[in-house]
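The values are calculated or read from the model by the stated rules, or taken from the named source; none is laboratory data. Since the structure is predicted, the reported quantities are computational estimates derived from the model, not experimental observations. A quick note on method: Cβ atoms are made from the backbone with ideal geometry, for glycine too, and the neighbour counts reach across all protein chains shown.
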Amino acid sequence: MSSGHDAAERSYDLPTDAPLLEVDGVKTHFRTERGVVRAVDGVSFRLERGKTLGVVGESGSGKSVLSRSIMGLLPRHNVIRDGSIRFEGREIANLSTKQMQEFWGTQMAMVFQDPMTSLNPVMKVGRQITESLQYHLDVSKDFARDTAEALLASVGIPEPRRRLNEFPHQMSGGMRQRVTIAIALACGPKLLFADEPTTALDVTVQAQILDLLASQQRERFMAMILVTHDLGVVAGRADDIAVMYAGRIVEKAPTRVLFTEMRHPYSEALLKSIPKLADPSHTRLQAIGGRPPDLVNPPPGCKFAPRCPYAQPQCREEEPPLVEHGTSGHEFACWFPVGTPEGREALARNQAAGSAPLAGTAAGA
Amino acid sequence: MPERLPDSALSEPLTSDAVFHEAPAEVVADALVAEPGGVAGEVEGALKRRLGVAFWIAVGWLVLITLLAIFAPVLPLDDPDAVGSGGKWEGTSGEHWLGTDNLGRDVMSRTIHGARVSLVVGFAAVAGGLVVGGFLGLVAGFKGGWFERIVIALADILLSFPALILALAIVTFLGRDMWKIVLALGILSIAPITRLSRANTLQWSQREFVLAARTLGANNRRILFREVLPNVLMPMASLALIGVAIVIVAEGTLSFLNVGIDDAISWGKLVFEGKDSLEQAPHVAFVPAGAMFLTVLALNFAGDRLRAHYDVREGLL
């Protein structure tokens, strides 16, 4: 990919010892008429080359804003940004749009949620792929076309040569998402953001698209940030999982650790809200009661406390910090973690008082 | 769930290599496109049918009148300005199919030559308005900020003037040859086109594919002209046809007020000339008026159908 002639400009292409992506205390606040919305409020993590981070949370938890913040895609007006984002050791948080342009496409790329709207309806599929190739890699038209054909083939589209000349509306949703993946991969990015890549797709196609992303990632040794509201989607595919709530990471751990020693009540509630095959039919889905907090005037203390079956007076006053426990890299922010004596005691106390908002749900724990 | 299986095979048969080995390539190809291609093909077929006979009649009339206008000098027509090529106010005859006017000039020849001016004025003014207004609206809708506010404020000011008074003022100020009339009517068409183009741009630049292009490193100019413009162009082009109709009528109005083109004949001017003899020889005014009526109707109709056509396609996407 480093084509030589601009090697000097692309000094950041040189291998470094720094992790691919280091995010440190990133804050993204929006100024609105109602006040300042704290969409992302102090998020830190690091991502190594070729690894996958799953970012999980419900709507409004800030997960999409986080990925757009890292990519520098948010408007400049009325956005308050803070924190540090280092890509291969180079600080990119304060770069201008113009400076970011050299990262977009070749260093990091994004796959969007809805393939119906993320392709240009009046441009042939082939043109949409070759355009960025010719622009970034300065290759000939024929070469770009051959590459596009190979890309389409690699994302599992049959008869790629003919498909190059088709318009998006001639394809099904799953096919279009394959095309958007091909477009994102065209210039060989080192980091791929997949923002709910399967949410808009038919259930039968979802697994295929996720498998495709995983295989492409392996082949290209590309890191991926997989944003989703579905713990099930990241369960088998992410190396690490970060659970976000109200703009913060509330629990982060290697995937296996997270599922075996889930500590945060919110992660537990998310997991419980996934319907299980083993359940008899007509089992009630376990929804999380209440709604996400107002991000303009967040309550003091733990943001999840109003919906939490474990919540104690301390939770409503003091915000728990995100602290690493043990040596496995398991971090969580909770005063009364699930599966610990403190947590069990807190839950029992709430149930005795009949005040647990999710008493029925949590009883099964 | 065994009944789910065919379903999944239908929606994404692409990854199963087995299909390829079992059937000849063409069969597989057909099976593969059956779902997406079939639906799209049907929809397009339905649209073609829904454009309807009336649409094609309208287009046919426009093509006919345009061809006549283009080839008027080489057609075996009387000289439109040849005074006394027939008698005064003659009716239909083998020599003068649509009769003659008060000076014995051939009405059909004059109407066809008038079409040259009317059509050129209509299309040129709207084309000018499209280039200027379309560009202003595009940039305003895309960039926003102070530029958008100024452009929209100017468009509002231009729109709040009574159009005819403004046209009269411009014509009085500039003069009355054809290109000055085009300029006047073109200026009038800028404001509505700007607003339309801005509205369309706003809508399209929110689409995710614009953001997707940005994540691939496209700069603003590229996004504006390659991603947004082609999408804005389609609805704008169909609306432009309606704009042409409006301008043709506006030119006619100017001519009828005797402040129109002074160095050539247009439909409006022919009607103006024929109005004094409405009682004795109504055809002198009605033939050019009819030509204008049919052309404007055809433009409106075609424009409307096309607009509906694109709306439907947008809905499908």
Tell me, please, whether a residue that is more than 12 Å from chain A (Cβ to nearest Cβ), touching a helix residue (DSSP H, G or I) at 6+ places or on another chain (Cβ under 7 Å) and of a type outside the set (A, V, I, L, M) can be found in the range B:224-237. no
Could you grab the pairs with beta carbons closer than 9 Å, sequence gap of 6+ or different chains, first residue in the range B:138-163 and among the aliphatic types (A, V, I, L, M), second one exposed (fewer than 12 other Cβ atoms within 10 Å of the Cβ)? B:Leu138/B:Phe225; B:Ala140/B:Arg149
Residues satisfying the stated conditions in the range A:209-232, i.e. outside any helix (DSSP H, G or I) and under 24 Å from A:Ile85 (Cβ atoms): A:Phe221, A:Met222, A:Ala223, A:Met224, A:Ile225, A:Leu226, A:Val227, A:Thr228, A:His229
Look at the range A:248-280 and say how many of its residues are crowded, with 22+ Cβ neighbours inside 10 Å and of a type in the set (Asp, Glu). 2
Filter result for A:Leu164 (more than 20 Å from the chain's Cα centre (by Cα), crowded, with 23+ Cβ neighbours inside 10 Å and modelled with pLDDT of 90 or more): no
If you take the residues of the range A:325-365 that are at pLDDT 90 or above and part of a strand (DSSP E or B), which of them is surrounded by the most Cβ atoms within 10 Å (Cβ to Cβ)? A:Phe332
Does the range A:46-69 hold any residues that are under 13 Å from A:Asp24 (Cα atoms) and in contact (Cβ under 8 Å) with a residue 40 or more places away in the chain, and which are they? A:Leu47, A:Leu66, A:Ser69
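Within the range B:144-161, restricting attention to residues that are in a helix (DSSP H, G or I) and not aliphatic (A, V, I, L, M), which residue is modelled with the lowest pLDDT?
Taking the candidates together, the pick is B:Gly145.
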Scan the range A:38-69 residue by residue and report those that are in a strand (DSSP E or B), closer than 23 Å to A:Pro292 by Cα and of a type in the set (S, T, N, Q). A:Ser44
Among the residues of the range B:257-283, write down those that are in contact with a Phe, Trp or Tyr (Cβ under 7 Å, 6 or more places away or on another chain) and either of a type in the set (S, T, N, Q) or at pLDDT below 85 (or both). B:Asn258, B:Ser277, B:Gln280, B:Ala281
Confirm whether B:Val182 is modelled with pLDDT of 85 or more, within 14 Å of chain A (Cβ to nearest Cβ) and either part of a helix (DSSP H, G or I) or crowded, with 23+ Cβ neighbours inside 10 Å (or both). no
Only one residue in B:Gly129, B:Gly133, B:Gly122, B:Gly141 is over 30 Å from B:Val63 (Cα atoms) and part of a helix (DSSP H, G or I). Which one? B:Gly141
Criterion (at positive phi and either surrounded by fewer than 17 Cβ atoms within 10 Å (Cβ to Cβ) or away from chain A (no Cβ under 14 Å) (or both)) met by exactly one of B:Gly134, B:Gly175: B:Gly175
Going through (1) crowded, with 19+ Cβ neighbours inside 10 Å; (2) over 30 Å from A:Met262 (Cα atoms); (3) more than 10 Å from chain B (Cβ to nearest Cβ) one by one, A:Ser118 fails only at (3)
Log entry, pairs with first residue in the range A:142-159 being within 11 Å of chain B (Cβ to nearest Cβ), second being of a type in the set (Gly, Ala, Ser), beta carbons closer than 8 Å, six or more apart or on different chains, reads A:Leu152/A:Ala182; A:Val155/A:Ala182; A:Ile157/A:Ala182; A:Pro158/B:Ala29; A:Glu159/B:Ala29
Would you mind telling me which numbered condition in (1) surrounded by 16 or more Cβ atoms within 10 Å (Cβ to Cβ); (2) under 30 Å from A:Pro293 (Cβ atoms); (3) in contact (Cβ under 8 Å) with a residue 40 or more places away in the chain A:Gly72 fails? (3)
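I'd like the residue in the range A:95-115 that is aromatic (Phe, Trp, Tyr) and in contact with a helix residue (DSSP H, G or I) (Cβ under 7 Å, 6 or more places away or on another chain) and, out of all such residues, is nearest to B:Gly217 (Cα to Cα).
A:Trp104
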Has the range A:188-208 got at least one residue that is out of contact with any helix residue (DSSP H, G or I) (no Cβ under 6 Å at 6 or more places or on another chain), assigned to a helix (DSSP H, G or I), within 10 Å of chain B (Cβ to nearest Cβ) and surrounded by 22 or more Cβ atoms within 10 Å (Cβ to Cβ)? no
Within the range B:301-311, can one find any residue that is modelled with pLDDT under 85, surrounded by fewer than 20 Cβ atoms within 10 Å (Cβ to Cβ), outside any helix (DSSP H, G or I) and not hydroxyl-bearing (Ser, Thr, Tyr)? no
Quick one: in the range A:75-105, which of the residues that are surrounded by 12 or more Cβ atoms within 10 Å (Cβ to Cβ) and hydroxyl-bearing (Ser, Thr, Tyr) is nearest to the other protein chains (Cβ to nearest Cβ)? A:Thr97
Since A:Ile241 meets every condition but one in (1) under 15 Å from the mean Cα position of the chain (by Cα); (2) not in a strand (DSSP E or B), which condition does it not meet? (2)
For the range A:174-183, does any single residue satisfy the condition of being under 23 Å from A:Glu102 (Cα atoms), in contact with a Gly (Cβ under 8 Å, 6 or more places away or on another chain), modelled with pLDDT of 90 or more and more than 9 Å from chain B (Cβ to nearest Cβ)? no
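For the range A:160-173, what are the residues that are assigned to a helix (DSSP H, G or I) and without any contact (Cβ under 8 Å) to a residue 40 or more places away in the chain?
Restricting attention to the range A:160-173, the residues satisfying the condition of being assigned to a helix (DSSP H, G or I) are A:160-163, A:168-170, A:173.
Within the range A:160-173, A:Pro160, A:Arg161, A:Arg162, A:Arg163, A:Gln170 qualify.
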If I ask for residues that are touching a residue at least 40 places away in the same chain (Cβ under 8 Å) and within 24 Å of the chain's Cα centre (by Cα), which ones from the range A:289-307 would you list? A:Gly289, A:Gly290, A:Pro292, A:Pro293, A:Leu295, A:Val296, A:Pro298, A:Lys303, A:Phe304, A:Arg307
